[in-house]
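First up is the structure itself, then whatever we jot down about it.
The values are calculated or read from the model by the stated rules, or taken from the named source; none is laboratory data. The structure displayed is predicted, hence computed values, not measured ones. Neighbour counts are summed over all protein chains in view; Cβ atoms, including those assigned to glycine, are modelled from backbone coordinates with ideal geometry. Note: accessible area is taken over every heavy atom of the protein model, side chains too, but ligands, DNA and RNA are not part of it. Shrake-Rupley method; radii C 1.70, N 1.55, O 1.52, S 1.80 Å.
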Amino acid sequence: MNLNKEVIVKVRTVKLEDALAVLTIQKEVVAEGEFLPTISAEFKKTDDHQREWIRLLLENERETMLVAEMNNEIVGWIVFLSQNRIRLSHVGSIGMMIKKEYRSMGIGKKLINELLNWAKKNTLIEKVGLGVLSSNQRAISLYKKMGFLEEGRKVREIKINNENYVDDILMYRFV
């Protein structure tokens, strides 16, 4: 068996019919309880909500969502959301989720690369930002490798429990 065999991942723009797969990944990552400020008890999004969100994304020229597929299964996604204010219309932020069993396979890097390529081609977008929990060292490392820089930190922004807090690190990259 060839252990160096490259994993074949297809990245494409989301479709409305992907809503359930995208939502399932989102629910799984929220349930892990490690990487997001949202907890499962708060997460109420339905398949219809997800489908409407995707429809609105696809209609907005300053927003997009890309999905990563392996063997015709959606295993991760990345979204770019923009602001509706004129003075902020050149910036947006990303969010990314990958199924746990598919992490550390280069899927996040591939999703970010494709999103940055989209942003570079989109003359309306100049800056890509994100927020990441300070406890998520793997994600921070990936973002730094992809050229993102820390621009700020919301100290003790996320309260994990009565004794533990994490910072929300704000990162950016110009395209």
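Here is a yes/no grid of residues against (1) closer than 20 Å to I158 by Cβ; (2) part of a helix (DSSP H, G or I); (3) free of Cβ contacts under 8 Å to residues at least 12 places away in the same chain:
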residue	(1), (2), (3)
R87	no, yes, yes
G95	yes, no, no
L111	no, yes, no
L115	no, yes, no
W118	no, yes, no
Inset, instruction - Show the residue pairs that are 6+ apart or on different chains and have beta-carbon atoms under 6 Å apart, the first residue being within region 140-156 and at pLDDT 95 or above, the second being open to solvent by less than 90 Å² (accessible area, probe 1.4 Å) and small (G, A, S). - result: L142/G108
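Condition check ((1) modelled with pLDDT under 95; (2) buried (at least 18 other Cβ atoms within 10 Å of the Cβ); (3) out of contact with any Pro (no Cβ under 7 Å at 6 or more places or on another chain)) across all residues:
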{"residue": "I39", "(1), (2), (3)": "yes, no, yes"}
{"residue": "K45", "(1), (2), (3)": "yes, no, yes"}
{"residue": "Q50", "(1), (2), (3)": "no, yes, yes"}
{"residue": "L66", "(1), (2), (3)": "no, yes, yes"}
{"residue": "N72", "(1), (2), (3)": "yes, no, yes"}
{"residue": "N84", "(1), (2), (3)": "yes, no, yes"}
{"residue": "G95", "(1), (2), (3)": "no, no, yes"}
{"residue": "S104", "(1), (2), (3)": "yes, no, yes"}
Legend entry - Selection count where residues are touching a helix residue (DSSP H, G or I) at 6+ places or on another chain (Cβ under 6 Å) and farther than 17 Å from V166 by Cβ, scope region 122-148: 4
Inset, instruction - Please specify each residue of region 16-31 satisfying the condition of being touching a residue at least 12 places away in the same chain (Cβ under 8 Å) and either open to solvent by 50 Å² or more (accessible area, probe 1.4 Å) or of a type in the set (K, R) (or both). - result: L16, L20, K27, E28
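Working only within region 120-130, note down all residues that are under 14 Å from the mean Cα position of the chain (by Cα) and buried (at least 18 other Cβ atoms within 10 Å of the Cβ).
Scanning region 120-130 gives V128, L130.
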